[in-house]
Protein chains: 2
Amino acid sequence: MKTAITPTRAENFSEWYQNLIVAADLAENAPVRGCMTIKPYGWAIWELMRDAMDRRIKAAGVLNANFPLLIPIEYFNKEAEHVAGFAKEAAVVTHYRLKMIDGKLQPDPESKLTEPYIIRPTSETIIGEAMSRWVQSYRDLPLKLNQWVNVMRWEMRPRMFLRTSEFNWQEGHNVFATHEEANEDARKMHRVYGDYMRDVLAIPCIMGEKTPEERFAGADHTYTVEQIMQDGKALQAGTSHDLGQHFAKSFGIKYLGTDGQLTYAWTTSWGTSTRMMGGLFMTHSDDDGLVLPPAIAPHQVVIIPITRGDEDMDAMNAFTANLESQLNDRGVRVLTDNSDMRAPDKMWKWIKRGVPLRVEVGAREIETSTVTITRRDLGKVSRETVSVADLGEAVVAKLDAMQRDMLAAATERNKKMIHDVANLAELESALADGKVGFFRIKYNTTQSPEFDALMEKYKITRRCLDDADPEYVFVAKSY
Amino acid sequence: MKTAITPTRAENFSEWYQNLIVAADLAENAPVRGCMTIKPYGWAIWELMRDAMDRRIKAAGVLNANFPLLIPIEYFNKEAEHVAGFAKEAAVVTHYRLKMIDGKLQPDPESKLTEPYIIRPTSETIIGEAMSRWVQSYRDLPLKLNQWVNVMRWEMRPRMFLRTSEFNWQEGHNVFATHEEANEDARKMHRVYGDYMRDVLAIPCIMGEKTPEERFAGADHTYTVEQIMQDGKALQAGTSHDLGQHFAKSFGIKYLGTDGQLTYAWTTSWGTSTRMMGGLFMTHSDDDGLVLPPAIAPHQVVIIPITRGDEDMDAMNAFTANLESQLNDRGVRVLTDNSDMRAPDKMWKWIKRGVPLRVEVGAREIETSTVTITRRDLGKVSRETVSVADLGEAVVAKLDAMQRDMLAAATERNKKMIHDVANLAELESALADGKVGFFRIKYNTTQSPEFDALMEKYKITRRCLDDADPEYVFVAKSY
């Protein structure tokens, strides 16, 4: 059977993913090493994802703010693990002026900075400095801040949406009076992420804590939301860190307690990024292109006039305008494709872009005052003729059902992708057989040179401890 | 009379502005040369300003996208005027890794980039390159793109919100088949900006075209929205450029016309930034702090319980919760200040932050089922007692009236700030007398060494030609 995307997922998942991005017109590689340009359709998805996340962050009592792009190198140096974690991928600003020298535009040597700046790879340090001034007494706590910004981590093996040198994200940074509150907050934001993935993106996640080996640079605890892609690989989609007093001590974040004592505070940080888009695309799409959950589809419905050239176009336009206005009234995001493309080309365009519902209108539909609705996730078998009078209700019901069914399908697939293995020998044999997915194994068996050898050989990593039983860890290949 | 901000505007406008920003908790200088941190209250205002602008941009048929932060130096070099305009303030990335050398964290010499990158001061070049690939035929036109991003122009005399090295903005970039369409588009976005300033920010603007001397680097025409601050200085709040074919030719943006000919396209660009916040603050605030137009006030209403310590707090909480829910139902952004500050301190906090309406609730109000409402722009004279039953209606009416009245007051002030001068001698005498505001003078008289000398001596510049009669130009000191 011919598919819109070649190769198919089964033939070559990685190439399928690249071609999917092109076919759905989501993004392209930029002429800047490791960076991408997010095209309008991709960005429209991101805006919906971002706004849905932003509402949940605000509901958690967090305030948005905006901190500088550049970080003084000395700040970066204050937290030893943090430096070690990010120094190898830091973009460095060393000059502040260009000059034409020997006919070539170059950094003006006279504009060399005494202390270079780093483009933020994350903002714990510069926000830590601000918090050291903003937090004075227990009355100032908790202080909960978030920012939606671009960050940069120089990437040697870039991959669109999954690993790019520049990416867009939200980074939350909270301060508390006690470790208990801070740890509870890190876990709370972890749940906010998990709920968001499930309820908005229709992605079921493995929720757990990172092992000490895999923690964030400078964290006491890192909680992670891990997704299983259709090829069985893991995608870390959002992390939440209990930073203990590391940054409070490095930056002097102290508060005067009710007891009159000056005490170091406890901080957390938590982030999700455009990487989630990669997870979204690799979880739900098929060999014909994108499949978008209705909650974040820029167009939830596309109305496609099917014309043969001999139609009464005024009647057609009046008919589709009425459909559009009915759906607008119900708050449905709807687009009518009045372009001069051939009808089948229009259909395939919107199939590739994953629009949840296609509403076809031809001469027969106008005559009988009906429309034909097809769900993107189910395809032809879901084609249904609905009377125009029932359109609004039918569309809302179908969008709700599709959102639910997509989560159910992904949940079902996940189950088949999680394998219990009793020991390293079983793990190795499964990997050698080409079995894919998450392997659940006793954590202490992975603290061994034998496991290190398997990690190296099969490119697997520990994803997270199992929340249900932290003596076990999930192991998988990952993006 | 004691004022919340000292010095007052009359005493020292510039110092008043700095203290206003502190008093309203909007922003602070960052530990990065020329940059600022926008604090939560300032950022909440920006989010509302941004969203209101974004809706208008989308209504103009423009699609948002996201292009890289870094621009290859060679791109920058392709348009001669553009280089000249921005080379002197470009932040340059030269390395992509840090290394500990002699106990000090430094750019790793081995990570030096063969071709350095510039942090975007604006994105005409990198978007031009993309457009050269995205535009192939007349069917692809017009193409209208916008992005909300941070940009950087190294600033030697920074001033919060007005001139900072890093700032947040939207930059629109449109492509057309003909010069006529492009020019009409630049004028259209110019009107979008003017309407936005008037209807959302309650700021009347001088709308006009920049003189050739003051145009954007690489534009054929620059249209500008100029605001008059309370001290009579000009603030350029938004510009819209007809770029002719400069960037189309530099980047090869060509389209195949209906005639089968390959033709260079015509482009525009247009931008507004966080600088508008400076204009907003300096237009409407007074000696007691910020005054925010209801349209972009994070809290349009603050409910302030006035307690003496012997109240029935359950009754008070039930009473204010009812008010809050009434206002929420009407879509009013409302906050109840239940902090343990003294009532007068609460009052002053929200006065300084410019909340449009203060709703006071004390024992007497609970008893009589009334509230006392005060408008921020009018102060005590506007205090009015309203029955709880009428609260929603009264609040909505007062917010509407305040939005209108603020525009009217600013319009009235503008009129007094515009002066016709017949010749350079009159201009000089007005400036020597310390007269402030916009001076309207024949443009050709300013094309003279005498005017150049006045510009130098009085730090004035040409703001824009008068749309009503382009033989005249407005001249003013500016931010």
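The values are calculated or read from the model by the stated rules, or taken from the named source; none is laboratory data. Note that the structure is predicted; figures quoted are calculated from it, not measured. Here the Cβ positions follow ideal geometry from the backbone for every residue, glycine too, while neighbour counts run over all protein chains shown.
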For the stretch B:125-136, pairs from a residue that is without any contact (Cβ under 8 Å) to a residue 60 or more places away in the chain to a residue that is among the small types (Gly, Ala, Ser), with Cβ under 8 Å and 6 or more apart or across chains, are B:Ile126/A:Ala30
Of all residues in the stretch B:12-36 being touching a residue at least 60 places away in the same chain (Cβ under 8 Å) and part of a loop (DSSP other than H, G, I, E, B), which is farthest from the other protein chains (Cβ to nearest Cβ)?
B:Ala24
Can you say whether A:Arg440 is farther than 30 Å from A:Gly362 by Cβ, in a strand (DSSP E or B) and at pLDDT 95 or above, as far as the supplied structure shows?
yes
Checked the stretch B:82-101 for anything surrounded by fewer than 20 Cβ atoms within 10 Å (Cβ to Cβ), more than 8 Å from chain A (Cβ to nearest Cβ) and of a type outside the set (A, V, I, L, M, F, W, C); matches are B:Gly85
Candidate set from the stretch B:126-152 (those that are of a type outside the set (A, V, I, L, M) and more than 10 Å from every other protein chain (Cβ to nearest Cβ)); member that is farthest from A:Met36 (Cα to Cα)
B:Tyr138
Run A:Tyr41 past the list (1) under 30 Å from B:Phe86 (Cβ atoms); (2) modelled with pLDDT of 95 or more; (3) facing chain B (nearest Cβ under 9 Å) and report the number of the one that doesn't hold.
(1)
Per the list (1) part of a strand (DSSP E or B); (2) basic (Lys, Arg); (3) under 30 Å from B:Arg308 (Cα atoms), residue check on B:Lys398 breaks on (1)
Looking across the stretch B:380-391 at residues that are in contact (Cβ under 8 Å) with a residue 12 or more places away in the chain and surrounded by fewer than 17 Cβ atoms within 10 Å (Cβ to Cβ), the single one that is farthest from B:Val291 (Cα to Cα) is B:Ala389
Looking only at the stretch B:413-427, decide whether some residue is under 22 Å from B:Arg330 (Cα atoms) and without any contact (Cβ under 8 Å) to a residue 40 or more places away in the chain.
no
The lone condition B:Ala84 fails out of (1) touching a residue at least 24 places away in the same chain (Cβ under 8 Å); (2) under 24 Å from A:Glu166 (Cβ atoms); (3) of a type in the set (A, V, I, L, M, F, W, C) is (2)
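Could you tell me whether B:Arg330 is over 30 Å from B:Ala237 (Cα atoms) and modelled with pLDDT under 95?
no
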Starting from the stretch B:236-265, keep only residues that are closer than 22 Å to B:Pro72 by Cα, then list their pairs with residues that are assigned to a helix (DSSP H, G or I) whose Cβ atoms are within a distance under 6 Å, requiring at least 6 positions of separation or different chains.
B:Phe247/B:Glu124; B:Phe247/B:Gly128; B:Phe251/B:Gly128; B:Phe251/B:Glu129; B:Phe251/B:Ser132; B:Gly252/B:Ser132; B:Ile253/B:Met131; B:Ile253/B:Ser132
Only one of these is more than 30 Å from A:Ala248 (Cα to Cα), touching a residue at least 12 places away in the same chain (Cβ under 8 Å), more than 8 Å from chain B (Cβ to nearest Cβ) and not aliphatic (A, V, I, L, M): A:Glu79, A:Glu115, A:Glu110. Name it.
A:Glu110
Considering only the stretch B:414-433, I want to know if a residue exists there that is among the small types (Gly, Ala, Ser) and under 27 Å from the mean Cα position of the chain (by Cα).
no
Kindly establish whether B:Ser137 is touching a Leu at 6+ places or on another chain (Cβ under 7 Å) and at pLDDT 95 or above.
yes
Among the residues of the stretch A:140-175, which ones are among the charged types (D, E, K, R) and either modelled with pLDDT of 95 or more or within 20 Å of A:Asp51 (Cα to Cα) (or both)?
A:Asp140, A:Lys144, A:Arg153, A:Arg159, A:Arg163, A:Glu166, A:Glu171
Which pairs have Cβ atoms under 8 Å, sit 6 or more apart or on different chains, and link a residue in the stretch B:323-343 that is without any contact (Cβ under 8 Å) to a residue 60 or more places away in the chain to one that is small (Gly, Ala, Ser) and surrounded by 15 or more Cβ atoms within 10 Å (Cβ to Cβ)?
B:Arg333/B:Ala297
Considering every residue within the stretch B:74-88, establish whether at least one is hydroxyl-bearing (Ser, Thr, Tyr) and modelled with pLDDT of 95 or more.
no
Of all residues in the stretch A:48-81 being acidic (Asp, Glu) and surrounded by fewer than 16 Cβ atoms within 10 Å (Cβ to Cβ), which is nearest to A:Thr114 (Cα to Cα)?
A:Glu74
B:Val395 crowded, with 18+ Cβ neighbours inside 10 Å, touching a helix residue (DSSP H, G or I) at 6+ places or on another chain (Cβ under 9 Å), modelled with pLDDT of 95 or more and not assigned by TED's automatic domain parsing to the domain that holds B:Pro298:
no
For B:Met197, state whether it is within 12 Å of another protein chain (Cβ to nearest Cβ) and farther than 25 Å from A:Lys39 by Cβ.
no
Residue check for B:Asp420: surrounded by fewer than 18 Cβ atoms within 10 Å (Cβ to Cβ), at pLDDT 95 or above and not hydroxyl-bearing (Ser, Thr, Tyr):
yes
With A:Glu213, A:Glu180, A:Glu184 as the choices, which residue is farther than 19 Å from A:Glu89 by Cα and modelled with pLDDT under 95?
A:Glu213
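Out of the residues in the stretch B:59-73 that are facing chain A (nearest Cβ under 8 Å) and not in a strand (DSSP E or B), state the one that is nearest to B:Gly128 (Cα to Cα). So that I can check it myself, show each step before the final result.
Going through the stretch B:59-73, the residues facing chain A (nearest Cβ under 8 Å) turn out to be B:63-73.
Checking which are not in a strand (DSSP E or B) leaves us with B:65, B:67-69, B:73.
Numbers: B:Ala65: 14, B:Phe67: 11, B:Pro68: 13, B:Leu69: 15, B:Ile73: 14 Å.
Restricting to residues being facing chain A (nearest Cβ under 8 Å) and not in a strand (DSSP E or B), the top hit is B:Phe67.
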Which numbered condition A:Thr6 misses (of (1) surrounded by 15 or more Cβ atoms within 10 Å (Cβ to Cβ); (2) outside any helix (DSSP H, G or I))
(1)
Every residue in the stretch A:182-225 that is in a strand (DSSP E or B), in contact with a Gly (Cβ under 7 Å, 6 or more places away or on another chain) and in contact (Cβ under 8 Å) with a residue 60 or more places away in the chain, please.
A:Met207, A:Thr224
Do you know which of the residues in the stretch A:438-479 that are farther than 14 Å from A:Ala425 by Cβ and small (Gly, Ala, Ser) is surrounded by the most Cβ atoms within 10 Å (Cβ to Cβ)?
A:Ala476
